[in-house]
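Single-structure report; data block below.
What follows draws every value from the coordinates through simple rules; no lab data is involved. Small disclaimer: the values here were computed from a predicted structure and weren't measured. Quick reminder, even Gly has a Cβ in these numbers, built from the backbone with ideal geometry, and neighbours come from all protein chains shown.
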Amino acid sequence: MIKKTVVFATSLCIAAAVFCGAASAQSARDYISIVGSSTVYPFATVVAEQFGKSTPFKTPKIESTGTGGGFKLFCGGVGVENPDITNASRAIKKSEFDACQSNGVKEIIEVKIGYDGIVVANAKNTPVLNLTRKDLFLALAKDVPDPNGGEKTVPNPYKTWKEVNPALPNVKIEVLGPPPTSGTRDAFVELVMEPGAEEISWIKALAKSDKKKYQAISQTVREDGAYIEAGENDNLIVQKLASNPNALGIFGFSFLDQNADKIQGSHVDGVEPTFENIAAGTYPVSRPLFLYVKKAHAEVIPGMKEFMAEFTSEKAWGEDGYLSEKGLIPMPKAERDTYHKAVKAMKPLSM
């Protein structure tokens, strides 16, 4: 067994010299290692299970680390001690791309896999909330416009939803949401908090006149207990909502779709979070989902190219594919074809 491991590790070095780097591979991997987004995790898991059952390769091992945590691990270097693929619920940042480059992860294939909505959900046995993005900003921002007027902010004074908007229930603001390492948190800030803040004209003006102040107001979430960081386990948020009818939770649409018997999605700016509305682009809080793949690993880790072929097949991510049954919103056919070709050609991303 030891002899086989050494031979395999040596073959990795021969196939891609960069794979061994400064530290020689201590042991070889015969399975695909995936980290990253908790939102993409259930989709990647379904593909991994299908791949493990239908091919001679081992089922990939997937860890839910959050998008930011996934990029940190992914960009740590090339070699069997580092993951091969990272899932992401947002596009890679320039700073993350540069970190990859400086650590020897030179060729990265970006694969958009589809779309997802971010939902604000509560327990099924409670009234459906009709929220605006301005409501959510005022409820969750660390500092908000002074209720007494003037172009200044004060520490968020709102304790109930009714204080934010008289049309909302007189219920304590209690929102379970993702931590700063999560791509869902990044997307929520970009798609909800910033547009909500910009409903207030003087804050919108700051985006041009004082970018730093604008960001401090529109991108900072309160830390007084009204917003509760619930980690990277979205299933845990679902469980907590089912047991606490006053709480709301923020997570990807797929978790709402898979738990529709327990929870329901709030309407945002008058639009219900449904598969059809997200696909049509009418639901305002939607975003693309991605995989990032190390080309150097794809050349040597058994099954990587075949796994990517499975993920980008019509039976997986197509309009009637098994991922749509799990809540992934398929891309238009032309876009799927573009990414399928990029994967087949192993075309690296440039920034």
Of these, R29, R90, which one is in a loop (DSSP other than H, G, I, E, B), within 18 Å of K295 (Cβ to Cβ) and in contact (Cβ under 8 Å) with a residue 40 or more places away in the chain? R29
Please go through segment 290-328 and pick out each residue that is assigned to a loop (DSSP other than H, G, I, E, B) and farther than 21 Å from A91 by Cβ. E299, V300, I301, P302, G303, S313, G318, E319, D320, G321, Y322
Would you pick out the residues in segment 45-70 that are among the hydroxyl-bearing types (S, T, Y), over 17 Å from the mean Cα position of the chain (by Cα) and in a helix (DSSP H, G or I)? S54
Taking segment 164-202, which residues are free of Cβ contacts under 8 Å to residues at least 24 places away in the same chain and assigned to a loop (DSSP other than H, G, I, E, B)? P166, N170, E198
Residue under evaluation E299, criteria (1) out of contact with any helix residue (DSSP H, G or I) (no Cβ under 7 Å at 6 or more places or on another chain); (2) more than 25 Å from E174 (Cα to Cα), criterion not met: (1)
Test E335 against the stated conditions and say whether it is surrounded by fewer than 20 Cβ atoms within 10 Å (Cβ to Cβ), within 26 Å of K72 (Cα to Cα) and touching a residue at least 12 places away in the same chain (Cβ under 8 Å). no
Can you tell me which residues in segment 126-155 are in a loop (DSSP other than H, G, I, E, B) and either hydroxyl-bearing (S, T, Y) or buried (at least 22 other Cβ atoms within 10 Å of the Cβ) (or both)? T126, T132
Those residues of segment 256-289 which are part of a strand (DSSP E or B) and surrounded by 19 or more Cβ atoms within 10 Å (Cβ to Cβ) amount to I263, Q264, G265, V268, S286, R287, L289
L73 passes all but one of (1) among the aliphatic types (A, V, I, L, M); (2) in contact with a helix residue (DSSP H, G or I) (Cβ under 8 Å, 6 or more places away or on another chain); (3) in a helix (DSSP H, G or I); which number fails? (2)
The one condition F307 fails out of (1) under 19 Å from T59 (Cα atoms); (2) surrounded by fewer than 22 Cβ atoms within 10 Å (Cβ to Cβ) is (2)
For segment 228-255, name all the residues that are under 19 Å from the mean Cα position of the chain (by Cα), in contact (Cβ under 8 Å) with a residue 60 or more places away in the chain and not in a helix (DSSP H, G or I). E232, N233, L248, G249, I250, F251, G252
Just give me the residues in segment 215-225 being surrounded by fewer than 18 Cβ atoms within 10 Å (Cβ to Cβ) and part of a loop (DSSP other than H, G, I, E, B), in sequence order. Q219, T220, E223, D224, G225
